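Visitor: Okay, here's the structure, questions in a sec.
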Amino acid sequence: MNNERKFSSRLGFILTAVGSAVGMANVWGFPYKFQDGGLIFLLFYLVFVSIFAYVGLSSEFAIGRRAETGTLGSYEYALNSKKNNEKHSFISRNIGFIPLIGSLFIAIGYAVIVTYVLKALVDSLSGELLVRNSKDWFESFSQKDYSVVFYHFIIIAVTLFTCLKGAHTIEKSNKIMMPAFFILFVIIAIYILSLPNALEGYKYMFRLDLDKLNLKTMVNAMGQAFFSLSVTGSGMIVCGSYLNRDEDIISVTKSTAIFDTLAALLSSCVIVPSVLVFGLDQAGGPGLLFEVLPTVLQNIKGGRIFAIILYTAVIFAGVSSLQNMFEVIVESIMHRFKKISRIKALTIIGLITFIVGVNMETINEWGPWMDLVSIYIIPIGASIGAITWFYFWKKEELLDEVNQGADKKVSLKWYRLGRYVYVPIAIILSILALVFKVTF
């Protein structure tokens, strides 16, 4: 593999993996569920995120590094690992398209939300966000067709630019965006802590409410942990394909999970006390980011400055996740169609994302699209990935790859945890999504 296809440092890999994982699930999903479930939700979340990172995330990194390629090539490699010949079946060559399509579809919808964030940043800079009713402001563009086309183009163009040189430019950009995200959110969190009654918000967030010890809280924590880590059978594979063979997969997996959890907790420390201090209703999803938070910012001293900081940080989180979605698709296109260059592949993905996305810029069109992705495509793709790594990929190869470069080797206990705990949970989440229309 050439230098374009390797991370130059362990830190670069971790920041890129964290950038892929940290996104809207951390900013508006986790705080909402944490506020609702309190300490019981957090404890469930920590258990599940530990399991999913330890076996799920590490196995995706492992197959990517072993196959030295992304989604399509990794599934083909794993599904043929037990064969003694070079025949590749139709299923092994093409089943990877399911999670790959999931990456494309979520990228299309995700780009719309990051576009909204850029709109919020621009209006924070101009001051408009701070003087208008937040609901009216949000509806002025989220209910109007083609109202943010220019911002949409900018987000996609900037993200594509960071993917121009593959791992090289992705790593460089994440070395800037991820530290900036954490620093900016720490600044806001410190300020929020100084607000009157903010401590009451923290007490409420970390309350031990035994009534929340129920199936709903557990499922919320399970789904949040699973998708927050981006263990979708696609995105993290390409990160693994760029990982040097002397790196300890379990170690970098732990670092990724820790920083992803810190990002979620940091977001909660900003959002939950703010909502409670001003007596606003609980909200999740776009309503939290574009209606509730602007109301908070309008009512605090220096709100304009903090609005700029907040939305800049969220853009960094959004672009870093979108970057991974683009890269996994581009890498697979280049792997399958050898004559297509990176520039051409990026252009194709950029055009598809933009052309489809601009026709669903209103929240009423965006919502059903993201429900389609989160209910049907992503859970199925994640289950296919989990089953493939632990039931079809040769066990000895999986263990060998995870232990490559490791100071402390994993044993058959790790493999059994993946096969008999992680895989069933992935399947359960898929059933909950498909049968009961549960979204995560």
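The values are calculated or read from the model by the stated rules, or taken from the named source; none is laboratory data. Just so you know, these numbers come straight off a predicted model, no measurement behind them. Heads up, the Cβs are rebuilt from the backbone with ideal geometry, glycines too, and the neighbour counts pull from every protein chain shown. All accessible areas refer to the heavy atoms of the entire protein, side chains included, with ligands and DNA or RNA removed. Shrake-Rupley method; radii C 1.70, N 1.55, O 1.52, S 1.80 Å.
Visitor: Exactly one condition in (1) part of a helix (DSSP H, G or I); (2) under 27 Å from the mean Cα position of the chain (by Cα) is not met by Ser147; state its number.
Guide: Only one criterion in (1) part of a helix (DSSP H, G or I); (2) under 27 Å from the mean Cα position of the chain (by Cα) is unmet by Ser147, namely (1).
Visitor: Considering every residue within the range 29-41, establish whether at least one is open to solvent by 20 Å² or more (accessible area, probe 1.4 Å) and within 19 Å of the chain's Cα centre (by Cα). Write out each step before concluding.
Guide: Just the residues of the range 29-41 that are open to solvent by 20 Å² or more (accessible area, probe 1.4 Å), to begin with: 32-33, 36, 39.
Keeping just the survivors that are within 19 Å of the chain's Cα centre (by Cα) gives 32-33.
Yes, the conditions are met somewhere in the range 29-41.
Visitor: Among (1) under 13 Å from Thr388 (Cβ atoms); (2) at pLDDT 95 or above; (3) open to solvent by 50 Å² or more (accessible area, probe 1.4 Å), which single condition is Ile91 missing?
Guide: Of (1) under 13 Å from Thr388 (Cβ atoms); (2) at pLDDT 95 or above; (3) open to solvent by 50 Å² or more (accessible area, probe 1.4 Å), only one is false for Ile91: (2).
Visitor: Please work out if Ser58 is at pLDDT 95 or above and of a type outside the set (Lys, Arg). Spell out the reasoning first.
Guide: Working: at pLDDT 95 or above: yes; of a type outside the set (Lys, Arg): yes.
So Ser58 passes the test.
Visitor: Is it the case, given these coordinates, that Thr295 is open to solvent by less than 10 Å² (accessible area, probe 1.4 Å) and either in contact with a Phe, Trp or Tyr (Cβ under 9 Å, 6 or more places away or on another chain) or not in a helix (DSSP H, G or I) (or both)? Don't jump to the end; show me each part of the working.
Guide: Numbers: open to solvent by less than 10 Å² (accessible area, probe 1.4 Å): no; either in contact with a Phe, Trp or Tyr (Cβ under 9 Å, 6 or more places away or on another chain) or not in a helix (DSSP H, G or I) (or both): yes.
It is false that Thr295 is open to solvent by less than 10 Å² (accessible area, probe 1.4 Å) and either in contact with a Phe, Trp or Tyr (Cβ under 9 Å, 6 or more places away or on another chain) or not in a helix (DSSP H, G or I) (or both).
Visitor: Taking Ser268 as the residue in question, decide whether it is among the hydroxyl-bearing types (Ser, Thr, Tyr) and closer than 22 Å to Asn174 by Cβ. Break it down stepwise before answering.
Guide: Values: among the hydroxyl-bearing types (Ser, Thr, Tyr): yes; closer than 22 Å to Asn174 by Cβ: no.
Here the answer is no, as Ser268 does not meet what is asked.
Visitor: Also: Can you name every residue in the range 53-79 that is crowded, with 19+ Cβ neighbours inside 10 Å and assigned to a loop (DSSP other than H, G, I, E, B)? Break it down stepwise before answering.
Guide: Step one: of the range 53-79, the residues crowded, with 19+ Cβ neighbours inside 10 Å are 53-67, 69-79.
Correct list: Thr69, Gly70.
Visitor: Now for a different question. Phe150 - would you say it is farther than 30 Å from Tyr242 by Cα, open to solvent by 50 Å² or more (accessible area, probe 1.4 Å), among the hydrophobic types (A, V, I, L, M, F, W, C) and modelled with pLDDT under 95?
Guide: Numbers: farther than 30 Å from Tyr242 by Cα: yes; open to solvent by 50 Å² or more (accessible area, probe 1.4 Å): yes; among the hydrophobic types (A, V, I, L, M, F, W, C): yes; modelled with pLDDT under 95: no.
Answer is no for this residue.
Visitor: Anything in the range 193-242 that is of a type in the set (S, T, N, Q) and farther than 26 Å from Ala167 by Cα? List them, or say none. Please lay out each step first, then the result.
Guide: Looking only at the range 193-242, we keep the residues that are of a type in the set (S, T, N, Q), and these are 194, 197, 214, 217, 220, 224, 228, 230, 232, 234, 241.
Hits for the range 193-242 are Ser194, Asn197, Asn214, Thr217, Asn220, Gln224.
Visitor: Among the residues in the range 311-318, are any open to solvent by 10 Å² or more (accessible area, probe 1.4 Å) and without any contact (Cβ under 8 Å) to a residue 60 or more places away in the chain? Walk me through it before giving the result.
Guide: Filtering the range 311-318 down to residues open to solvent by 10 Å² or more (accessible area, probe 1.4 Å) leaves 312, 315-316.
Subset that is without any contact (Cβ under 8 Å) to a residue 60 or more places away in the chain: none.
The answer is no, given that none of the residues of the range 311-318 is open to solvent by 10 Å² or more (accessible area, probe 1.4 Å) and without any contact (Cβ under 8 Å) to a residue 60 or more places away in the chain.
Visitor: Would it be correct to say that Ile427 is in contact with a Ser or Thr (Cβ under 7 Å, 6 or more places away or on another chain) and open to solvent by 30 Å² or more (accessible area, probe 1.4 Å)?
Guide: Values: in contact with a Ser or Thr (Cβ under 7 Å, 6 or more places away or on another chain): yes; open to solvent by 30 Å² or more (accessible area, probe 1.4 Å): yes.
Against the criterion (in contact with a Ser or Thr (Cβ under 7 Å, 6 or more places away or on another chain) and open to solvent by 30 Å² or more (accessible area, probe 1.4 Å)), Ile427 qualifies.
Visitor: Is it true that some residue in the range 104-113 is open to solvent by 10 Å² or more (accessible area, probe 1.4 Å), farther than 30 Å from His152 by Cβ and either at pLDDT 95 or above or not in a loop (DSSP other than H, G, I, E, B) (or both)?
Guide: Residues of the range 104-113 open to solvent by 10 Å² or more (accessible area, probe 1.4 Å): 104-106, 110.
After this cut, where a residue has to be farther than 30 Å from His152 by Cβ as well, the list is none.
No, that holds for no residue.
Visitor: While we're on this one: For Lys413, only one of the following conditions fails: (1) open to solvent by 30 Å² or more (accessible area, probe 1.4 Å); (2) touching a Ser or Thr at 6+ places or on another chain (Cβ under 9 Å). What is its number?
Guide: (2)
Visitor: Output the residue which, of all residues in the range 363-392 that are of a type in the set (Ser, Thr, Tyr) and either surrounded by fewer than 17 Cβ atoms within 10 Å (Cβ to Cβ) or in contact with a helix residue (DSSP H, G or I) (Cβ under 6 Å, 6 or more places away or on another chain) (or both), is farthest from Tyr146 (Cα to Cα). Step through it out loud before you land on a result.
Guide: From the range 363-392, those of a type in the set (Ser, Thr, Tyr) are 374, 376, 383, 388, 391; that's our starting set.
Add one more test, that the residue is either surrounded by fewer than 17 Cβ atoms within 10 Å (Cβ to Cβ) or in contact with a helix residue (DSSP H, G or I) (Cβ under 6 Å, 6 or more places away or on another chain) (or both), and what stays is 376, 383, 388, 391.
On the way: Tyr376: 27, Ser383: 36, Thr388: 41, Tyr391: 46 Å.
My answer is Tyr391.
Visitor: Counting only residues that are of a type outside the set (Lys, Arg), open to solvent by 10 Å² or more (accessible area, probe 1.4 Å) and part of a helix (DSSP H, G or I), how many does the range 114-133 have?
Guide: Of the residues in the range 114-133, 8 are of a type outside the set (Lys, Arg), open to solvent by 10 Å² or more (accessible area, probe 1.4 Å) and part of a helix (DSSP H, G or I).
Visitor: While we're looking at this one, here's another question. Sort out for me the helices (runs of 4 or more DSSP H) sitting completely within the range 193-285 that have 2 or more residues that are open to solvent by 30 Å² or more (accessible area, probe 1.4 Å) and modelled with pLDDT under 95.
Guide: Details: elements: 198-205, 215-228, 235-241, 249-277.
Result: 198-205, 215-228, 249-277.
Visitor: On the given criteria, is Leu288 surrounded by fewer than 24 Cβ atoms within 10 Å (Cβ to Cβ) and assigned to a helix (DSSP H, G or I)? Show your work before the answer.
Guide: Numbers: surrounded by fewer than 24 Cβ atoms within 10 Å (Cβ to Cβ): yes; assigned to a helix (DSSP H, G or I): yes.
Yes; evaluated as a whole, the condition is true for this residue.
Visitor: When the range 1-28 is examined, which residues are found to be over 18 Å from the mean Cα position of the chain (by Cα) and not hydrophobic (A, V, I, L, M, F, W, C)? Full working, then the answer.
Guide: Step one: list which residues in the range 1-28 are over 18 Å from the mean Cα position of the chain (by Cα), which gives 1-11.
Asn2, Asn3, Glu4, Arg5, Lys6, Ser8, Ser9, Arg10, listed by residue number.
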